[in-house]
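Everything on this sheet refers to the single structure shown next.
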Amino acid sequence: MSRQTPALDRWIEPLHSAAWPFLSKSRTEELRRLEAALCVALDTAGQEGPSERLLAVRRAMAPLSPSPLGERSVLAATLALAGFVCGWYDLDLRDTVGPGHGRMILRHGSPALRESWARRLTAGALVGIAATERHGGSRLTEITARLMPDAQGWRLTGEKCWVSRLNEAAAFVVFAKDPNGRIQAAVVPADAPGVTRYPETPSGLAGWAWGTLQLHDVHLSGGDVLVMPDGDGERIFREHFAAFRPQVAAIALGAAAGVHTRVLSALQARTGIGLLPRLRDTALVTLGRTQADIQTALLGAVTAARLTAQGSPHADVWARATKVHGVETAYRAVQDLAPLIGAGGFRADSPVGKAKADLGGLLYADGIHDALLRSVGRTLMNAD
Ligand SMILES: Cc1cc2nc3c(=O)[nH]c(=O)nc-3n(C[C@H](O)[C@H](O)[C@H](O)COP(=O)(O)OP(=O)(O)OC[C@H]3O[C@@H](n4cnc5c(N)ncnc54)[C@H](O)[C@@H]3O)c2cc1C
């Protein structure tokens, strides 16, 4: 096994010929280069603070993001697998490759906005999303942030909570209602007058700042509001998350796979030097079950990513269900694996303990699970 690309060699390569024959040799090589470069970026990024470090890694990795050329579903699968590789190292690396929430601007912005953001995203800039409000993030249609027209364009006022990438994002896609009660998605520069940030301390996923975004009479031009033909901001939100949620599942599963590999290595080392005479059957069973759970859930996440890219009518249901299944599978796997290495995994600097806390955050972020499953059930009930 190559020392530079353990995530790829141990978890992706074995499935290659059976599960993703559509990935050409050059796409696999792209992933291999990406993982090797990620190791270098992690070694060379400074230690000033978590945000600076993560932004430095993102900037270093931006030129190595999977090429947008070629078939869209292959790109989506490659991005999901690249996310898995990043998650294997650290869930805080979830924004290392790809446009992230900037995808909404690239798809629904005016030509000028698209062009300038394509450049900025490729250089490593980050875009946040601000949808959740105090009444509850699971009820987007009840948002109270307001977008009012004025002579120059729009004025935006409202408050968003639990916003990730709070201090690091160069802009936020903010969801607000216009005077007709339609939900709109507006691109708000982080340094615009009237934007104030109030960070909170999270118990996991602490790499990016997280907290409240206050918007007071923020001036926006007409071109800052995203447009979807025959749709509104809610459609933009849904369309975006149909692509984003499989990506989240793949990254979460990468984090669980990283824990699996580390726990396995620790147990091999203990038995190798005779610290453990033999492994108990219960430990072997946990290793086997979690391996199967992670690998099959990854197949689902990549399939969901491809369905969205292909414009499948099943994409939305798959994306919502896959986010729940992928994150819960990863969360359970880490809960089960962590005890196998004992109290060492509970140290604050242990990647195993960190993955456990980080995955806890993903149970809420990007869609809380009971609300997602309920909406899947409702869609299924209403289908022919
Ligand atoms: C780490 C992290 C990062 C995040 N990043 C972002 C971000 O970048 N941008 C952003 O906008 N948001 C972000 N969020 C917020 C996240 O999207 C929300 O937490 C999520 O949408 C759920 O919303 P809520 O926490 O307000 O819970 P609520 O919507 O209040 O839901 C709480 C519970 O109440 C239930 N519930 C809802 N309605 C009812 C009802 N009528 N009866 C009974 N039960 C009900 C829900 O199903 C759920 O179980 C983040 C959250 C976390 C933890």
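A crude spin-label estimate for the pair Asp191 and Arg270, with each label 7 Å from Cα along the Cβ direction, gives 5.1 nm.
Across the chain, Cα pairs under 8 Å and at least six residues apart give a relative contact order of 17 percent. The distance linking region 186-218 with region 68-89 is 28 Å (Cα centroid to Cα centroid, whole angstrom). Remark: spin-label model distance Met228-Glu48 equals 3.7 nm, labels positioned 7 Å along the Cα→Cβ axis.
How long is the gain from Arg280 to Arg332 if the chain were fully straight, where each residue apart is worth 0.36 nm and the alpha carbon distance is subtracted?
That pair, Arg280 and Arg332, stretches by 16.7 nm at full extension.
Qualifying GluC sites (Glu not before Pro) in region 68-144, where qualification requires a DSSP coil assignment and no more than 15 other C-beta atoms within 10 Å, comprise Glu71. Residue ranking by accessible heavy-atom surface, 1.4 Å probe, largest first, among Asp178, Asp366 comes out as Asp366, Asp178.
Between the alpha-carbon centres of region 302-329 and region 99-164 there is a gap of 23 Å.
Counted over the chain, the DSSP beta bridges are approximately 85% antiparallel.
Could you check how much of the accessible area of the chain is carbon and sulfur, as a whole percent, using a 1.4 Å probe? Show your work: numbers first, answer last.
Values: 9770 of 17340 Å².
Here it works out to 56 percent.
Around the Cα centre of region 6-101, unit charges on the Cβ atoms of Lys, Arg, Asp and Glu (plus for the first two, minus for the last two) sum to a dipole of about 260 debye.
Using C-alpha pairs below 8 Å separated by at least 6 residues, the relative contact order for region 247-338 is 49 percent. If R0 is 51 Å, what FRET efficiency do you get for Ala357 and Ala151 from their C-beta distance, rounded to 0.05? Using R0 = 51 Å, I get an efficiency of 0.55.
Please report the base-10 log of the normalised intensity I(q)/I(0) for the chain, using a Debye sum with one equal scatterer per alpha carbon and no solvent, at each q in 0.09, 0.11 (1/Å). Those come out to -0.52, -0.77, one per q. In percent, rounded to a whole number, the relative contact order of region 1-103 is 28, using alpha-carbon pairs under 8 Å and six or more apart. Take the Cβ atoms of Ser17 and Tyr198, set R0 to 51 Å, and the FRET efficiency comes out at 0.50.
Legend: helices of the chain (whole DSSP H runs) are marked when their alpha-carbon atoms reach 24 angstrom or more along the helix axis and their mean Kyte-Doolittle hydropathy is at least -0.5; marked are 25-44, 72-89, 233-272, 281-309, 315-337.
The values are calculated or read from the model by the stated rules, or taken from the named source; none is laboratory data. In this text the structure is predicted, and so the values were computed from the model without any measurement. All Cβ positions, glycine included, derive from the backbone under ideal geometry; neighbour counts span all protein chains shown. What goes into the accessible areas is simple: the full protein's heavy atoms, side chains included, and nothing from ligands, DNA or RNA. Shrake-Rupley method; radii C 1.70, N 1.55, O 1.52, S 1.80 Å.
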